[in-house]
1. Given Cβ point charges of +1 (Lys, Arg) and -1 (Asp, Glu) and nothing else, what value in debye, to the nearest 20, does the dipole of region 237-303 about its Cα centre take?
2. What's the FRET efficiency of residue 258 with residue 145 using the Cβ-Cβ distance as r and R₀ = 56 Å, to the nearest 0.05?
3. Any chance you could look up the accessible area of residue 244 with a 1.4 Å probe, heavy atoms only, rounded to 10 Å²?
4. So what does residue 64 come to for accessible area, using a 1.4 Å probe and Å² rounded to 10?
5. Between residue 171 and residue 157, 0.36 nm times their residue separation minus their Cα-Cα distance comes to what?
6. Report in % the part of the accessible area of region 66-122 that belongs to carbon and sulfur, leaving out ligands and nucleic acids; probe 1.4 Å.
7. Let's test the formula: R0 of 30 Å, r as the Cβ-Cβ distance of residue 293 and residue 30. What FRET efficiency results, to the nearest 0.05?
8. With a 1.4 Å probe and every protein chain left in place, work out the accessible area per residue of region 238-325 in Å², rounded to a whole number.
Amino acid sequence: MSGRQVTRSLTPRKPHPLEAAGWRVDENGVKYIRVKGVRWYTNLDHGRRHQELPLMTMEDNLRFSKHKEINGKAAYDRYDNYDAIEVPFTDAIPSDYDGLMGVPVTFLDKYNPDQFEILGYEKSYHLQTRKYEIQVQVDKSGKKSNVTKLNDGVAIKVDRPPTDQTYYVVDGEYYIQQYKRIFIRHRGRSKRNEKVNTTLRTNITVAEICDGFVYNEFEGKGLFGLGGKLTIQPEYQRNYIYSDGGGKREQAVIHSLLKEYPLGLIYFNKVGDEKFEVLDGQQRITSIGRFVTNKFAITDNDNPKNFDSLPADQQAKIRDSKLLI
């Protein structure tokens with residue numbers, strides 16, 4: 001289990017800009033800010049820790065993944081120095097792969113000990129299948145250095161030297177190194193082969209999703225939708241981040257709806273009779289709900305426009321857009 005809601009109190013006697021993802025001032029004038037990028041981990045058990053992560057098969061990931069690093073590839077990349085495949089996103093873990101997989105550290109947010117076992121990380125040297133002797137590191141500026149860094153992480157062999165990242169040369173061959181990885185594999189074939197009941201819905205509109213939409217400005221959370229039946233941001237999900245960086249990502253979601261571009265699959269988990277939680281897609285849903293409730297504006301020909309100031313036909317196009325769930 002991980003936690004992100006870290007707050008810090010600031011003395012009211014000293015001026016301090018309230019520039020944070022969330023902040024408040026109490027009745028005594030004490031300022032509090034929410035510190036982003038800070039996490040804590042614990043092995044405390046709780047019900048949602050055992051919630052199964054919905055996954056696609058390897059074939060479906062290669063065909064339908066929303067990630068350009070996966071979609072359209074012939075196969076997943078394999079490490080040259082570990083007997084494992086590279087899985088750059090937690091939602092791209094293939095449901096039908098039996099071997100070792102390297103996943104990003106953000107996997108720990110979704111780790112279900114009944115579904116996966118953790119076997120090591122990128123410096124679990126007992127799992128290494130190859131060590132590199134002479135290595136030349138070439139950084140993005142072209143500077144070359146003799147290093148041993150390639151042995152301290154996962155390495156992927158590439159056909160040609162990349163132009164946008166540091167790479168390594170060993171015996172005339174080129175390698176790139178991924179950031180921190182955790183090695184996992186599926187736990188128990190019998191459980192993996194159990195049928196998971198899934199339903200694809202193509203008729204749910206934005207208007208239905210935004211019915212009863214509630215957004216918590218302080219915590220940065222889109223809380224409810226679908227007339228109160230949908231929990232948009234369960235506690236195990238990260239806070240809303242699409243408004244960061246000037247809100248380019250949340251604006252892009254709205255422009256995609258206006259241009260009738262697909263937003264990709266959104267996953268709900270049924271947790272009760274007519275009760276659902278968002279497993280994947282809460283950033284997109286929160287962006288839509290925030291715009292429809294006039295929490296931000298998009299730029300149209302250099303003119304900022306919130307939802308209420310859009311022409312009626314554009315409002316209708318957004319409300320009537322159907323999501324793939």
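1. Details: 9 positive and 9 negative charges, 26 e Å.
Value, rounded to 20: 120 debye.
2. Working: r = 49 Å, r/R0 = 0.87.
After rounding, the FRET efficiency stands at 0.70.
3. The accessible area of residue 244 comes to roughly 60 Å².
4. Residue 64 exposes around 110 Å² with every protein chain in place.
5. Details: separation 14, 0.36 × 14 = 5.04 nm, distance 1.20 nm.
Difference between extended and current length: 3.8 nm.
6. Numbers: 1190 of 2280 Å².
Solvent-exposed carbon and sulfur of region 66-122 make up 52 percent of the total.
7. Taking R0 as 30 Å, the efficiency between residue 293 and residue 30 is 0.50.
8. On the way: 4510 Å² over 88 residues.
For region 238-325, the solvent-accessible area averages 51 Å² per residue.
The values are calculated or read from the model by the stated rules, or taken from the named source; none is laboratory data. Remember, it's a predicted structure, so these values are computed and weren't measured experimentally. Positions of Cβ are generated from backbone atoms using ideal geometry, with glycine treated the same way; all protein chains shown enter the neighbour counts. Side chains included, ligands, DNA and RNA excluded: accessible areas come from the protein's heavy atoms. Shrake-Rupley method; radii C 1.70, N 1.55, O 1.52, S 1.80 Å.
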